[in-house]
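Before any comments, here is the structure.
The values are calculated or read from the model by the stated rules, or taken from the named source; none is laboratory data. Computed from a prediction, not measured in an experiment: that's the story for all the values here. So basically every Cβ, Gly included, is an ideal-geometry build from the backbone, and we count neighbours across all protein chains shown.
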Amino acid sequence: MTKQPSIKELERIAKDIRIAILKMLTCAGSGHTGGSLSTVELLTGLYFYKFRCDPKKPLCDTRDMFILSKGHSCPALYAVLAHMDFFKKEELCTLRKIGTRLQGHPQRGLPGVEISSGSLGQGLSVSNGCALGARLNKNPKRIYCLMGDGELDEGQVWEAALTSAHYKLDNICGIVDFNKFQIDGRIEDVKGLEPLKEKWLSFNWEVLEIDGHSIKEVIAAYDKAETIKGKPTLILAHTVKGKGVSFFENQNKYHGVAPTEDELEKAIKEIEASS
Ligand SMILES: Cc1ncc(C[n+]2csc(CCOP(=O)(O)OP(=O)(O)O)c2C)c(N)n1
């Protein structure tokens, strides 16, 4: 059995992922900064602690599957996949370049990317299909699906949520990156979601509410989700859009704007100096 990384090691990885995201975005000159940074601990805890996969055999039948439903946050996924050795880190700087495998929204074909996404609202439906297929095949794989809070405005999410619960898909773990913003501003100004936990509970999901930037809480939630039987689990992760860089945090103008060279330099210093 391989050694599990410690919380400290995971926190160090999260810093590296944040820096890789910012470098990639700066190099591309465009892309989604805020909603990538808010997912870092959720992805780090998943891939470096919980996820069963073999980067050398990305289509191995028993692999766990990760569906990035909020596809615009793919710089975070790309950084994680490169750090896991699904492909070489050097490829990260091709983000959004003509002909790259690292499109501005994920495309199948890049090792580790299960579905093309970016049109919001579809990931949980795809996850249901994967989960039902796994059950039919007696395959122990788990399906993880990361959604945005703004993404929950898509009606398809709620149709899918009904389906996951109806079929008691306990091999699904949904995650909501609850950073309280979407493209047009604050969630509560654009279209209120509260009481969000109660909504998922009333759809017959188990709900684990956590601080999505606490590695400790994140990995405990993934562990707990695996023990819940007879219904799907939703991790409702409170996060901060732009997390980790003071001048990006809760500044929604960085929803789809990349850092400048200057901002990148300052951001890296801040991230390295943080505890
Ligand atoms: C079907 C669809 N409608 C609209 C968009 C445009 N869009 C891109 S990002 C975004 C905001 C989504 O908000 P959220 O899921 O909270 O993302 P985050 O704030 O975490 O980046 C929207 C509406 C889209 N990608 N897909």
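For T94, which of the numbered conditions (1) surrounded by fewer than 21 Cβ atoms within 10 Å (Cβ to Cβ); (2) more than 26 Å from N252 (Cα to Cα) fails to hold?
So the condition that T94 fails would be (2).
Among the residues of segment 21-49, what is the count of those that are of a type outside the set (K, R), out of contact with any Pro (no Cβ under 8 Å at 6 or more places or on another chain) and surrounded by fewer than 22 Cβ atoms within 10 Å (Cβ to Cβ)?
4
Before we move on, is E188 within 16 Å of the ligand (Cβ to nearest atom) and of a type in the set (D, E, K, R)?
yes
Whether any residue in segment 39-61 is without any contact (Cβ under 8 Å) to a residue 60 or more places away in the chain and polar (S, T, N, Q) is what I want to check.
no
Between V240, V245, which is at pLDDT 95 or above, assigned to a loop (DSSP other than H, G, I, E, B), among the hydrophobic types (A, V, I, L, M, F, W, C) and farther than 30 Å from R142 by Cα?
Sole residue among the options that is at pLDDT 95 or above, assigned to a loop (DSSP other than H, G, I, E, B), among the hydrophobic types (A, V, I, L, M, F, W, C) and farther than 30 Å from R142 by Cα: V245.
Any idea which residue in segment 43-71 is farthest from F178 (Cα to Cα), counting only those that are among the polar types (S, T, N, Q) and assigned to a loop (DSSP other than H, G, I, E, B)?
In this case the residue turns out to be T62.
Among the residues of segment 239-268, count how many are more than 16 Å from the ligand (Cβ to nearest atom) and either surrounded by fewer than 21 Cβ atoms within 10 Å (Cβ to Cβ) or under 18 Å from G148 (Cα atoms) (or both).
Residues in segment 239-268 being more than 16 Å from the ligand (Cβ to nearest atom) and either surrounded by fewer than 21 Cβ atoms within 10 Å (Cβ to Cβ) or under 18 Å from G148 (Cα atoms) (or both): 10 in total.
Residue by residue, here is whether (1) within 16 Å of the ligand (Cβ to nearest atom); (2) loosely packed, with under 15 Cβ neighbours inside 10 Å; (3) part of a loop (DSSP other than H, G, I, E, B); (4) under 16 Å from the mean Cα position of the chain (by Cα) holds:
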| residue | (1), (2), (3), (4) |
| --- | --- |
| G129 | no, yes, no, no |
| Q156 | yes, no, no, no |
| D170 | no, no, yes, no |
| I175 | yes, no, no, yes |
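Return only the number of the condition from (1) in contact (Cβ under 8 Å) with a residue 40 or more places away in the chain; (2) surrounded by fewer than 21 Cβ atoms within 10 Å (Cβ to Cβ) that A273 does not satisfy.
(1)
Looking at segment 72-95, which of its residues are acidic (D, E), outside any helix (DSSP H, G or I) and touching a Leu at 6+ places or on another chain (Cβ under 7 Å)?
none
Taking only pairs six or more apart or across chains, which ones have beta-carbon atoms under 9 Å, a first residue in segment 136-154 that is closer than 16 Å to K180 by Cα and touching a residue at least 60 places away in the same chain (Cβ under 8 Å), and a second residue that is more than 16 Å from the ligand (Cβ to nearest atom) and in a helix (DSSP H, G or I)?
L146/L46
Just to be sure I understand, how many residues within segment 105-127 are within 16 Å of the ligand (Cβ to nearest atom), in contact (Cβ under 8 Å) with a residue 12 or more places away in the chain and either assigned to a loop (DSSP other than H, G, I, E, B) or more than 18 Å from L77 (Cβ to Cβ) (or both)?
Residues in segment 105-127 being within 16 Å of the ligand (Cβ to nearest atom), in contact (Cβ under 8 Å) with a residue 12 or more places away in the chain and either assigned to a loop (DSSP other than H, G, I, E, B) or more than 18 Å from L77 (Cβ to Cβ) (or both): 11 in total.
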